[in-house]
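Read the figures in this text as sums done on the coordinates, not as results from a lab. Please read all numbers here as calculations on a predicted model, not as lab measurements. Note that each Cβ is placed from the backbone with ideal geometry, even for glycine, and that neighbours are counted across all protein chains shown.
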Amino acid sequence: MKLDRREFLKLSGAGVGATVLGLYSGGTALAAPRVQPLKKKVKETTTICCYCGVGCGAIVTTYEDGIVKVDGDPDHPINEGALCTKGQAMAQVHQVDGKPNTYRLTKPLYRAPNTTDWQEKSWDWMISTIAARVKATRDANWNSAAGRTDAFAGLGGGELDNEECYLLSKMSRALGIVYLEHCARI
């Protein structure tokens, strides 16, 4: 059968039309996608990587009490979705081999002076004890002529954002701390 250009275009158009009608006419497609309901409810939380001072953003996906995965946050201005190998392994802080990390501390521990045993304490007890000791040390070492104390120093962390650094410096200045430094400069 010899086809000229006009007959070739007619047959091509008819073939495309028949294919389109076959796909949208309610017929069975050869590779139809299967729709499966999502049985697990997962939760995504944004966080900051805990390892270096860069402050990369991460998205932690959790299911019930376990971490499913850790991905870079594509909306974060620092890393734009990329994470280094340490950042990708951030889930190991909480889990090892899919099970909760038995070495991860979840409650405050206190070791009394001249003892070797650690005791679990409540957060309320720990915070009030720390506040009382800070107040006592500040009062005992206050230099009223200079309006400061030399008994304390402040050290900022690399994961702190601008607002947290601002609050840390304001709190330190209110306590009379003059030795205020950041870990990136040490």
Checklist line | Correct choice for Kirkwood radius over Cα pairs in Å that was computed from the model, options [x] 23.3; [y] 23.8; [z] 32.4 | finding: [x]
Next item on the list: Compute the relative contact order of the chain as a whole-number percentage, counting only Cα pairs closer than 8 Å that sit 6 or more residues apart in sequence.
Entry: 13 percent
Next item on the list: Quick one: net charge around Ser172, please, counting Lys, Arg +1 and Asp, Glu -1 for every other residue with C-beta under 11 Å from its C-beta.
Entry: +2
Check: For the chain, which span is the longest to avoid every loop-located (per DSSP) member of chymotrypsin sites (Phe, Trp or Tyr not before Pro) having at most 12 other Cβ atoms inside 10 Å?
Finding: 1-102
Check: Among Thr116, Thr19, Gly66, whose Cα lies farthest out toward the positive end of the dipole of the chain, if unit charges sit on the beta carbon of Lys, Arg (+1) and Asp, Glu (-1)?
Finding: Thr19
Note to self: Using only the alpha-carbon atoms, what does region 42-100 span along each of its principal axes? Please give whole angstrom values in decreasing order.
What the structure shows: 31, 21, 13
